[in-house]
Amino acid sequence: MVTDRQSRTSIIRVVAASMAGTAVEWYDFFLYGVAAAVVFPAVFFPSDDPAVGTLLALGTFAIGFIARPLGGLVFGHYGDKIGRKKLLVISLVAMGAATFAIGLLPGYATIGLAAPLLLVVLRLVQGFAIGGEWGGAVLIVSEHGDPARRGYWASWPQAGVPVGQLIANALLFLLAAVQSEAAFQSWGWRIPFLLSAVLVLIGLYIRLSIEESPVFREAQARAAERAAAGEREVVPIVDVFRRYPREVFTAMGARFVENVSYYIFTIVITTYMTKRLGLSSSFVLGAVLIGTAVHLVVIPIWGALSDRFGRKPVYLIGAAGVGVWAFAFIALIDTGNFALTTLAVIGGLVFHAAMYGPQAAFLSELFGTKVRYSGTSVGYQLASVVAGGLAPIIAVALYTSFDSGYAVAVYVALSALLTIAAVATYGETRHRDLAEDHAIAPAR
């Protein structure tokens, strides 16, 4: 008989494994984002116009998002067929290998055009791997935990994202602080990329220690019975779009401003303040570092609140909050004051966490078990292409064209309206049973 204590130990182990792997993968992913803003324009895309080099480097950042839906599709398909755990191990190894290779990649001055081309290939591998990571990481927790506390437990893999960014930004901040700008641009930036190999081994060790989710095992047993009876299984992704089209679009809409605002608050701020305001990279990285630490703390708090009050009201607070805060964010960072810049980042990420904390449980509750990995991954990653993937490019183009950061704030506010519409028109999901396989109509 499984005791409450054993059950709690089990879910904590699953959460730790999921969060550790997620932290490593997002460390790799965010490391690229910061480097694309600060280092890559000079190393891989030299240009007479610094703005052109920056846009090209951020373009490779966006390319990673293009590969994410494909990763979500492939990993989702096999994750729904053979299990969450196996695919999580594969995604972690692929992500780590690509990041390590970027740390070894010669620059444009050494191998010419081959340098940015190889960078693009490695970025595509990163995007493909991260496309399969998120769905598996949150599902294996959602399907293990107590339904009454699903929002809380499922928020911890989400907290792995700021952990990864915290490690990435901390290393970059340390290197930028102790090295000269020339040394950092020349070789110092490579160190965090190479260190990813150590983090991958740690994450892999923890992730291999967990069991497959019980909800998936039960669904797999039912599928085997149907197969023995001669019933033909539908390909998961086909089933998703046939039975859950509304849920896919709801997931995409819910993701929109969450994704846009996050990259504005943590990635675009680096380009904006170093290129436009002329401040040092260590100044910006320090502010983002503090904001990210706060983000890590508040994500599970918002997740727990969604268990008490519902996914929908908490999510809407976050969406409306970032839409309004975007204007305060620009006003504060335009001062060039470190304390006010830090406040700007903290405020933005606290509101962002109100969406990101409940998001894992919310999206998991939209789909039945047989197609849950495919449904959550595709909905999540399709939004990433048009939201987060384009956000840095659109933001840089906006503040450059209008000579004002408030153009970026308007962009965030309009994105918030889209997310509010998507979430407000869908019903509450926190009481749904994840063991259900049938299509679920939106609650009224």
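The values are calculated or read from the model by the stated rules, or taken from the named source; none is laboratory data. Keep in mind that what you see is a predicted model, and the values were worked out from it rather than measured. Cβ sites come from the backbone with ideal geometry, for glycine too, and all protein chains shown count toward neighbours. With ligands, DNA and RNA removed, areas are computed over all heavy atoms of the protein, side chains included. Shrake-Rupley method; radii C 1.70, N 1.55, O 1.52, S 1.80 Å.
Applying the Karplus parametrisation 6.51 cos²θ - 1.76 cosθ + 1.60 with θ = phi - 60° to the phi angles of the range 372-389, what ³J(HN,Hα) value in whole Hz is obtained for each residue in order, glycine and proline being reported as x?
5, 5, 5, x, 5, 5, 5, x, 5, 7, 4, 5, 4, 5, 8, 9, x, x
What is the packing order of peptides 66-72, 426-432, taking the mean over residues of other C-beta atoms within 10 Å and listing the highest first? It would help to have the intermediate numbers written out before the result.
Values: 66-72: 23.3, 426-432: 17.7.
Top of the packing list down: 66-72, 426-432.
So, counting K/R as plus one and D/E as minus one, what does the shell of residues with Cβ under 14 Å around ARG276 add up to?
-1
Choose one answer from GLY321, GLY64, GLY336: the residue with the largest mean-square fluctuation in a GNM of the chain with alpha-carbon springs under 10 Å.
GLY336
Report the FRET efficiency, 1/(1 + (r/R0)^6), for GLU218 and TRP187, where r is their Cβ-Cβ distance and R0 is 60 Å, rounded to 0.05.
The formula returns an efficiency of 0.70 here.
In nm, to one decimal, how far is the modelled label at PHE402 from the one at ALA16, with both set 7 Å along Cα→Cβ?
The answer from the label model is 4.8 nm.
Comparing PRO162, PRO106, PRO192, which has the greatest mean-square fluctuation in the GNM of the chain with Cα pairs linked when under 10 Å apart?
PRO106
Please give every one of the lysines within straight-line cross-link reach of LYS86, meaning a C-alpha to C-alpha distance under 18 Å, and leave out same-chain neighbours fewer than 8 residues apart.
LYS370
Would you mind calculating the gained length between LEU208 and SER280 on full extension (0.36 nm times residue separation, minus the Cα-Cα distance), in nm to one decimal?
21.8 nm
Ranking request for peptides 410-418, 368-376: highest mean number of other beta-carbon atoms within 10 Å first, then the rest in descending order.
Order by mean packing, descending: 368-376, 410-418.
Taking amide hydrogens as modeled 1.01 Å from N in the peptide plane, which residues meet the under 5 Å criterion relative to GLY107, leaving out close sequence neighbours?
When sequence neighbours closer than 5 places are left aside, there are no close amide H contacts.
Per the 1.4 Å probe, what fraction of the accessible area of the range 73-176, in percent, lies on carbon and sulfur atoms? It would help to have the intermediate numbers written out before the result.
Numbers: 2620 of 3330 Å².
Using a 1.4 Å probe with all protein chains present, the range 73-176 comes out at 78 percent carbon and sulfur.
Whole-Hz ³J(HN,Hα) for each residue in the range 148-153, computed from phi via Karplus 6.51 cos²θ - 1.76 cosθ + 1.60 with θ = phi - 60°, x for glycine and proline: what do you get?
Using θ = phi - 60°, the values come out as 5, 10, 4, x, 5, 5 Hz.
Based on the mean of other beta carbon atoms within 10 Å per residue, what is the order of 196-208, 176-188, most packed first?
Result, highest mean first: 196-208, 176-188.
Below 15 angstrom from the Cβ of SER209, what's the summed charge of the other residues (Lys, Arg +1; Asp, Glu -1)?
Net local charge, SER209 excluded: +3.
Spin-label point model (7 Å from Cα, Cβ direction): what's the THR425 to PHE249 distance in nm?
Modelled inter-label distance: 0.6 nm.
Specify whether the C-alpha gyration tensor of the range 298-444 places it in the rounded, prolate or oblate class, a ≥ b ≥ c being the square roots of the eigenvalues: rounded for a/c under 1.5, otherwise prolate if a/b is larger than b/c and oblate if not.
prolate
Could you give P(r) for the range 135-174, binned at 10 Å from zero, as whole percent values over all Cα-Cα pairs?
All Cα pairs considered, the percentages come to 30, 38, 22, 10, 0.
What Kirkwood hydrodynamic radius, in Å, does the range 59-100 give when the mean of 1/r is taken over all pairs of distinct Cα atoms and then inverted?
By the Kirkwood definition, the hydrodynamic radius is 11.1 Å.
Measuring from label point to label point, each 7 Å out along Cα→Cβ, what is the VAL238 to GLU225 span in nm?
2.4 nm
Using a 1.4 angstrom probe, figure out how much accessible area the chain has per residue, in square angstrom, rounded to the nearest whole.
36 Å²
Mind checking the full-extension length gain between SER180 and VAL121? Use 0.36 nm per residue of separation minus the Cα-Cα distance, one decimal, nm.
Taking 0.36 nm per residue and subtracting the Cα distance, the gain is 18.2 nm.
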